[in-house]
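The values are calculated or read from the model by the stated rules, or taken from the named source; none is laboratory data. Owing to the predicted nature of the structure, the values given are computational and were not obtained by experimental measurement. With ideal geometry, Cβ positions are generated from the backbone for all residues, glycine too; neighbour counts draw on all protein chains shown.
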Amino acid sequence: MSNTNKSTVKQICVRHGKDRTRMMDIVRDVQSALGCVSSEAMDAIAQACGTHRVEVESVVSFYSFLGTKPKGKVVIRLCHGVIDRMHGSETVAAFEKELGIRMGETTPDGLFSLEWTACIGMCDQAPAALINDQAVTYLSTDKVKRIVEMLRADPDPKRLVRTYGDGNNAHELVHSMVHNNIRRRGAVIFGAYERGSALRKALAMTPQEVIRAVKTASLRGRGGAGFPTGMKWDFTRAAQGEQRYVLCNADEGEPGTFKDRVLLTECAEQLIEGMTIAGYAIGAAEGILYLRAEYAYLKAFVEAVVAQRRKDGLLGASVCGKAGVIFDIRVQMGAGAYVCGEETALISSCEGLRGDPKTRPPFPASKGYLGCPTAVNNVETFCCVPPILEHGPGWFAQMGSSGSKGTKLLTVSGDCSMPGVYEVDFGITLRDVLKMVGSENAKAVQVGGPSGQMVGPEKFDRKVCYDHLATGGSVMVFGPERDVLAIAAQFLEFFMDEGCGYCTPCRVGNVLLKERLDRILAGQGAPTDMAYLQELGEVVKMGSRCGLGQTSPNPVLTTLASFRGEYERRCQPAHSRHVFLPGFDIRKALADSESIAGRHSVVYSE
Amino acid sequence: MSDTVTVTIDGAQVKGRAGQTILQAAEAAGIYIPRLCAHNELSAHGSCRVCTVLVNGRPQAACTQPVADGMIIENNTEKLTNMRKAIVEMLFVEGNHFCMSCEKSGNCELQALAYRFGIAAPRYPYLFPKRDIDFSHPDIYIDRNRCVLCGRCVRASRETDKKVVFEFTGRGAHRRLGIDAAADLADTDAAVADKSVEVCPVGALMRKRVGYAVPVGQRKYDHKPIGSDIEAKRA
């Protein structure tokens, strides 16, 4: 590594206080300054921060947006999500043709790299890609050609944005072609919001009263798991600790979910206000908004909102002029890891570590960020808080269904005429959702993303709520011509790529599930494979350490339940004598020996 | 005493102390809960999942879950044993484990678990990964073909040796045991007397030149199954 690069690395470390808990910022900055975090750079970082090289490597090698080998000046990351692949497999070929390289390669001039990336949250405007931090949407063969031409002339991806998306996408700090596609506005999230009003109401109450209000409203976590928010705040407030933290989970990675992207764009004030109220309620002085790397284009905008609120006295020392109430927020960028949406993995990442989930207990409420009591909530959950304080918990709790109060954002994509964001009351049936989004003949709907369930028409009358069809927002619609088993295999591939590898069942089990499903898809399924998949899936579900592993076999388990016929059709009893191992091709296995022996097998001739 | 807790393990009442894990309380009572990543001298890791038990019907790793009064714990049941077997089989197919040519044979905890469970052959297809061997160090070698990613060496290096020789790198199926050097174990401060080498349950982290100091047939698990020492303590 040249001396200039060495000093660049050193400067970056100094800029972040040589603080190893800020390792994410350090390695991200080195990656963007030098195109990679090379072996020498890792040594330099370790030296500057007084840590070990292998600890730096453990971080760099974990996140998909970081790498040890140089990438092109312009990195084109094509969304590998199921919906994107459904809508535009030809764009892959178009990029490969225009750039003259294959997926995973870099052009010889070092200008372009082309790679896959997991769902980037643009399913309603698929196919889409990230070009460095810039999102490009509604891709077509022609558009790809134009994009590559423009980048050759000027490698700044910002210049690609000719027309802006709606709302704040046109804000100079967002500068994006992304569309919000808000199709339905409900009373809570997209209702009237008056800046600072709910916060002032909260500050006029005691922290305990604020928590009680959230409890009375029966607000539950909107990320998918549905833990009661008030109870979480109560635990965090009651736990022993010198500092307390509020963490906002904006690592929206569940494929098919893109509500946080829209909320960050259009409701950032409401979100920050919700975090501030949470900070007051639990007695935290600091909040961290963990933003997924795929939404880096929103960072400057969100930080500007935070800065303006600080300037206006809505954040900082003595919030709203109330002495002793201190709360401020920083944005922590992720670097490409779905598992960091798991709250303890998110905490690990905020601490500058690889995104391995932590052992529970202790739970974050008692020992979270840097060992301090921490409340981690989803973006949408925080956005629900100001309206609850504004209109009262009773107003909130009268909406929705029993056990699932209020409204929910659904992000709908796939085979429907109106993909986008819908704010609905909890309790709506899936059939009504399908009608609303313009899908007449859905064959299957994936509710809750790959970790959720694949639902067939016989369950379309079930309700969207925590107790029936739970979802963090993702609703993917599949028409009659789609192959649900092929979709399940793609979901499994996603979990294989995105798992942390910490525990055995998830690390190995998902590889094995995928192997068998691929075999079935290749026409080599045996009747015994269904029981094999069921049992293996249950081992992974039961044995895995965190929510990722516990839900990762769902693509197989839920299609086995809802689309058993599709398996049965492909897992026919073999007609030949090779009934036990249809995946085994005896002719192929004998080929080498036959060629050495110079004759064909007498027993296994055609 | 308030810090004594009583739990039920497979119907038997077991007394434990607050702060103990289920694994520790069971062990003190002479009940063996099969485990691989757990080690009595190291902090808990909860990664292999072999020690999974049902606590009031919910799966939990016994090595990380603290005991609490009144817990109903299932350990030695058909369902759990089948799951544990499945996990051990996963570890066998994930790496390249050739017991017949491994110096650890007879002292290997993975092998011993397989024998205890009566695993003749894994139900899963072998994945035959390409893994590397680091023979650079004068006294120690790493054979990643045999590594089960239990993290014992990672913890022992920090907790006992007061070094940072090992850490995990990569993720998912690409997770591997990383070392504190660009390429070679020889460039780290690993030493032959390190606890990290001693605690490896399999033949991944080995001392050189002593592989057959104890003959096959006289090794730890050659005569009694793994866990027998714990079960012998049962009143």
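One table, with the values for the structure above:
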item: Test: residue in segment A:169-189 that is within 30 Å of A:VAL144 (Cα to Cα) and small (Gly, Ala, Ser); result: yes
item: Residues of segment A:176-221 classified as outside the structural domain of A:GLU390 (by TED's automatic domain parsing) and surrounded by 22 or more Cβ atoms within 10 Å (Cβ to Cβ), total; result: 2
item: Filtered residues of segment B:4-62 (kept if within 28 Å of B:CYS200 (Cα to Cα) and part of a strand (DSSP E or B)); result: B:THR21, B:THR52, B:VAL53, B:LEU54, B:PRO59, B:GLN60, B:ALA61
item: Residue among A:ALA126, A:ALA135 that is assigned by TED's automatic domain parsing to the domain that holds A:ASP84, crowded, with 18+ Cβ neighbours inside 10 Å, at pLDDT below 95 and within 20 Å of A:LYS259 (Cβ to Cβ); result: A:ALA126
item: Count of residues meeting criterion [surrounded by fewer than 23 Cβ atoms within 10 Å (Cβ to Cβ) and either away from chain B (no Cβ under 14 Å) or small (Gly, Ala, Ser) (or both)] in segment A:521-536; result: 7
item: Complete set of residues in segment A:548-574 that are out of contact with any Lys or Arg (no Cβ under 7 Å at 6 or more places or on another chain) and within 13 Å of chain B (Cβ to nearest Cβ); result: A:LEU548, A:GLY549, A:SER552
item: From A:GLY452, A:GLY479, A:GLY501, residue being modelled with pLDDT of 95 or more, over 14 Å from the mean Cα position of the chain (by Cα) and either within 14 Å of another protein chain (Cβ to nearest Cβ) or under 30 Å from B:THR64 (Cα atoms) (or both); result: A:GLY501
item: Single residue of A:VAL539, A:VAL511 found to be under 29 Å from B:GLY151 (Cβ atoms), surrounded by 20 or more Cβ atoms within 10 Å (Cβ to Cβ) and more than 24 Å from the chain's Cα centre (by Cα); result: A:VAL539
item: Filter pass, B:ILE133 being of a type in the set (A, V, I, L, M), more than 12 Å from chain A (Cβ to nearest Cβ), more than 20 Å from the chain's Cα centre (by Cα) and crowded, with 22+ Cβ neighbours inside 10 Å; result: no
item: Selected residue [over 30 Å from B:LEU149 (Cβ atoms) and at pLDDT 95 or above] from A:GLN47, A:GLN11; result: A:GLN11
item: Some residue of segment A:322-343 being surrounded by fewer than 24 Cβ atoms within 10 Å (Cβ to Cβ), in the same structural domain as A:TYR297 (by TED's automatic domain parsing) and part of a helix (DSSP H, G or I); result: no
item: Residue among B:GLY227, B:GLY178 that alone is within 13 Å of chain A (Cβ to nearest Cβ), of a type in the set (Gly, Ala, Ser) and surrounded by 14 or more Cβ atoms within 10 Å (Cβ to Cβ); result: B:GLY178
item: Test set (1) surrounded by 15 or more Cβ atoms within 10 Å (Cβ to Cβ); (2) more than 10 Å from every other protein chain (Cβ to nearest Cβ) - B:TYR126 fails condition number; result: (1)
item: Failed item, numbered, when B:ARG58 is tested on (1) touching a residue at least 12 places away in the same chain (Cβ under 8 Å); (2) within 14 Å of another protein chain (Cβ to nearest Cβ); result: (1)
